[in-house]
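Single-structure report; data block below.
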Amino acid sequence: MLLIPAFFAEADAVKFTMSGPNAVSVGEQFRLSFVSNERGTDLKLPDISNFDVLMGPSSSTSFSSQTINGVVTQSYTYSYIYILRAKEEGTFTIRPASITIDGKVYESNELTIEVVKEQRSQGATGSQQQQQSATPSGTISKEDLFVKVELDKSNVFRGEQIIATVKIYVSPEVPITSFDDVKIPSYAGFWTQEIQIPNQISFSREVYNNKIYQVGVLKKTILFPQQTGRITVDPFEITCMVRQQIRQQRSFFDDFFDNYRTIQAKVVSDPVNINVKELPSRPDGFYGGVGNLNFAATIDKQQLKSNEAATLKITVSGSGNLRLIDAPEIEFPVDFEVYDPKTNESLNATNNGLNGTKTFEYLFIPRFAGDYTIPPIKFASFNPATGQFKQQQSQEFVLSVEKGSDEQSATVTSAYSKENLRLIGQDIRYIKQGKYKLKEKEALFFGSTAFYLIYLGALLAFAIIVLVYRKKLKENANVQLLRNKKANKVARKRLKVAATHLKNNKKEEFYEAVLKAFWGYLSDKLSIPVADLNRVNATEALKKRQVETEAIEEFIHIVDNCEYARYAPSAVEGTIEEIYQKAVKLMGKLEKQIR
């Protein structure tokens, strides 16, 4: 059972996709690609008789590897490419292709390609196309560059959501370099919600008026009309920087900037009208919800004590104008103290509209014991898809309230309200009557032997702490003694850095870190500046400190190997791992032997 999820995860990891342009012109050549992440056999093409096959299949394999937090991931991509040519106008659907991978057959996606009549630039060279786009006046034709505000619907009800998409259409002959001076419509009469899109505009092919354009999405917004009648969306304005050829390049050595110039082309979209209808007669329980919405009501406890807080939670979920829904009205018993509802939203603006959940939490406190009833809560929302109101109703909530303690108070977190609870009937404290006997409290600890022992012990501990602290201050004032004590710790840290370079296979940085560790350690231990250290005076100083000859020779051997590795790698003795292990062992020996 544990292996079953892993098996299906491995099966789902196989991907086989078909890709190509969604719009081409008659006579235009294009690539039809089949890509998988596993090596396959027996590639079977769908029916592509509506196109001429000029070449294929051309297969290729690519490999990528990346390391994240020490984890290496590798992936392969296997591509099969065909070069096709459109023969006639029309819209053609290419059925899924199939391939066999590890004995299992996988199918690709379906692809729809629209073929339009031959474009005017068809067959022209690159320079000819640029010449065609250039005009003496420096202006761009509206057929070659324009902006549109597209709405997914233009006849809606009040509060119904509309997706407004601003697109720029660019003819292939118009080379745009950048954008400037964007003026966004005010969307007067609408409540708006932005849809996040990538900052980098991605262009794709699209057919408009039987012509192929490069189309990019500039902005997406969800609109909620707040008034009825005819509402006009103001135009969208943007300035494009377009590169144009002012004269034909006569030779390869002509200056590029003398032949081309950049002009500003201001494009403005046409106004768009939306017809907004009023909602039908509104039933009880309508709080402004328009869309495909669901309603639910729950209570956290139905058995409680007086002066104890409880919460009634209402949840509205689905797709629609969730942010514009008002808090439902609830008929609480008159003996309940009710606080203003707390509202929470978890919403997401997507291409399908605004969807998510909105909750209302009502905090209430019953003041007296008894059985109470909260009547069913009605909630009505208008569904534009059906043109009717959807009426929903919660259950009836029956609460049993027991008498609470007079000393008990309800606790309310600040998340609900900052108002303090009032405890009715507990603001008067009656005087207790009766005779009470008082007696003197005897001191059992003060003045005893244990008291004086603890007192003297505290003084003695204070004196010891003062002496130890003064000793530490003197040691810290001696910089050389402090460096001597911390030499081994510092050297160990540097060796850890070398170990990191060893793991990442950075050889040059590894040898440099080992050298720094040893020379820095000897400088601190022998009180010799690093600039004055060399093999000769280091060897003499180690002999004076009664270090064994074998350890000194091993130190010289490691230093030589590290320097050879940096300047003469062929002279290095042993592997990089062996040098690291010897360095760690030698550091321990030197720490024990240097006196």
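Values quoted throughout were computed directly from the atomic coordinates according to the rules given, and no laboratory measurement underlies them. For clarity, every value in this text was computed on a predicted model and none was experimentally measured. When we count neighbours, we look across all protein chains shown, and the Cβ atoms used for this are built from the backbone with ideal geometry, even at glycine.
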Quote the relative contact order of region 286-402 in percent (integer), defining contacts as alpha-carbon pairs under 8 Å separated by 6+ residues. 34 percent
Residues whose built amide H sits under 5 Å from the amide H of Ala23, excluding neighbours closer than 5 in sequence, are Glu114
Starting from the Cα of Gln74, step 7 Å along the direction of its Cβ; do the same at Gln393; then give the gap between the two resulting points in nm. 6.7 nm
Collect residues whose amide H, placed 1.01 Å from N in the peptide plane, falls under 5 Å from the amide H of Glu118; neighbours closer than 5 in sequence don't count. Val26
Check Ala310: other-chain or 5+ apart residues with amide H under 5 Å from its amide H, H built from backbone geometry? Phe364
Apply the Karplus curve 6.51 cos²θ - 1.76 cosθ + 1.60, θ = phi - 60°, to the phi angles in region 391-402 and return the couplings in whole Hz, x for Gly and Pro. 9, 10, 8, 7, 7, 7, 9, 9, 10, 10, 10, 8
Work out from phi, with θ = phi - 60° and the Karplus expression 6.51 cos²θ - 1.76 cosθ + 1.60, the ³J(HN,Hα) of each residue of region 279-292, listed in order in whole Hz, and give x for Gly and Pro. 6, x, 4, 8, x, 5, x, 8, 10, x, x, 10, x, 8
What are the ³J(HN,Hα) values, in whole Hz, obtained from phi via the Karplus relation 6.51 cos²θ - 1.76 cosθ + 1.60 with θ = phi - 60°, for each residue of region 48-53 in sequence order, with x given for Gly and Pro? 10, 5, 6, 10, 8, 8
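Please go through the residue pairs Lys342/Lys390; Lys148/Lys220; Lys358/Lys378; Lys472/Lys544 and name each one whose alpha carbons sit more than 18 Å apart in this structure.
In this structure, Lys342/Lys390; Lys472/Lys544 lie more than 18 Å apart at Cα.
Just want to confirm a number: the relative contact order over region 12-116, from Cα pairs under 8 angstrom separated by 6+ residues, in percent.
Details: 244 pairs, mean separation 38.9, N = 105.
Worked out over region 12-116, it gives 37 percent.
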